[in-house]
Amino acid sequence: MRLWPQAWGAVGSAWRECFPLQGHEVARWFPGHMAKGLKKMQSSLKQVDCVIEVHDARISFHAHIPLSGRNPLFQELLGLKPHLLVLNKMDLADLTEQQRIVQHLEGKGLKNVIFTNCIKDENIKLIIPEVTELIKCSYRYHRAENLEYCIMVVGVPNVGKSSLINSLRRQHLRTARVLFAERTINGLKEVYVCERPLMFLLDTPGVLAPRIESVETGLKLALCGTVLDHLVGEETMADYLLYTLNRHGLFGYVQHYGLASACDHIEQVLKSVAVKLGKTRKVKVLTGTGNVNVIQPDYAMAARDFLRTFRKGLLGQVMLDRDLLPAC
């Protein structure tokens, strides 16, 4: 039997002050290929001049660590290498507090930050000059005589690492001869992205931390597609998304789905979405006179569409970490 949470905030009343996390947990998701990928990354560090860490701009910071869901294993991986943080998918994020976000990250030691939209190549031209300057201001361990730069791109899954590489190639290889476009080093693909300076990027697999300690951080990562949906539950994720949108005063879902008004009850919202999309199914219900076929909304399909619509940016720009922004 489906057990829905209480509708803390009915239409016209205050929205939920917090999301009930009791009974929820984020599954361990550190497959073998992630462990192997991390070892390959560590063994390739000697040949790396700079590390570009890509993250989702919608989860830009956390109260205790610089970035929600940031893999702490990257801290050891980065070591003494110059480091550039790229906050991708800026088109999906609410960046009205961008300056305060940057200041907060700088206070955490992340001084080189660029916001990007790799699909539309926004701010991509800033990356190569920034990386070049970082390398020039650092010591190139055992690589002083090497004229080419090797840059490692790291990040958790689905933040746009490959999109970043493709965008850089579009920006810097339009007129250049593409020789040795790809090669392999220690099992990692090295992609040629720039002629002047001669630069290659090491494309690495997305690697999560072996365990995500915070359930709410796990929910944010899941909404951004970093954690597989079925490990968290699509309807739980849809409920957390509804809670977040309402708390932030983002009611784009009302207009998008043609709802009568905003609502804090996920069952009502998913029912309306299912009816709007024509997603219903027959369910047998046992009554005193026998089994009866009843038409019910397909809540799972509705939740799936709700999440997909959010990820496309059709519900508006969102900053999932906004509540964690330090006070001025």
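Key figures for this structure:
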| read-out | value |
| --- | --- |
| Stretch gain in nm, segment residue 260-residue 215, where the contour uses 0.36 nm per residue and the Cα spacing is subtracted | 13.0 nm |
| Likely footprinting exposure, 153, 285, fewest C-beta neighbours within 10 Å first | 285, 153 |
| Proxy reagent accessibility, fewest Cβ within 10 Å first, across 200, 306 | 200, 306 |
| Sequence-distant residues sharing a close amide H with residue 199 (under 5 Å, placed H) | 149, 193, 194 |
| Cβ-defined net charge surrounding residue 272, 12 Å radius [Lys, Arg +1; Asp, Glu -1] | +1 |
| Interatomic Cα distance distribution for the stretch 221-291, bins of 5 angstrom, percent | 3, 14, 19, 19, 18, 12, 7, 5, 2, 1 |
| Net charge of Cβ neighbours under 14 Å - reference residue 323; Lys, Arg +1; Asp, Glu -1 | +1 |
| Residue 103-residue 229 FRET efficiency (beta carbon distance; Förster radius 25 Å; 0.05 resolution) | 0.15 |
| Quotient of C-alpha Rg and 2.2 N^0.38 Å, computed over the stretch 83-148 | 1.33 |
| Two-site FRET efficiency, residue 282 against residue 308, from Cβ-Cβ distance with R₀ of 35 Å, rounded to 0.05 | 0.90 |
| Surrounding net charge for residue 88, when Lys and Arg each add one and Asp and Glu each subtract one, Cβ distance under 13 Å | -1 |
| Long-range amide H partners of residue 83 with built H, under 5 Å | 51 |
| Amide H within-cut-off set for residue 15, under 5 Å, with H built and near neighbours excluded | none |
| Sites residue 196 and residue 111 - FRET efficiency at Förster radius 22 Å, r taken between beta-carbons, to 0.05 | 0.30 |
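We did not get these values from a lab; they are worked out from the coordinates using the rules stated. Predicted model, so just to flag it, every value in this text is computed and none were measured. Methodologically, a virtual Cβ is constructed for each residue, glycine included, from the backbone with ideal geometry; neighbour enumeration extends over all protein chains shown.
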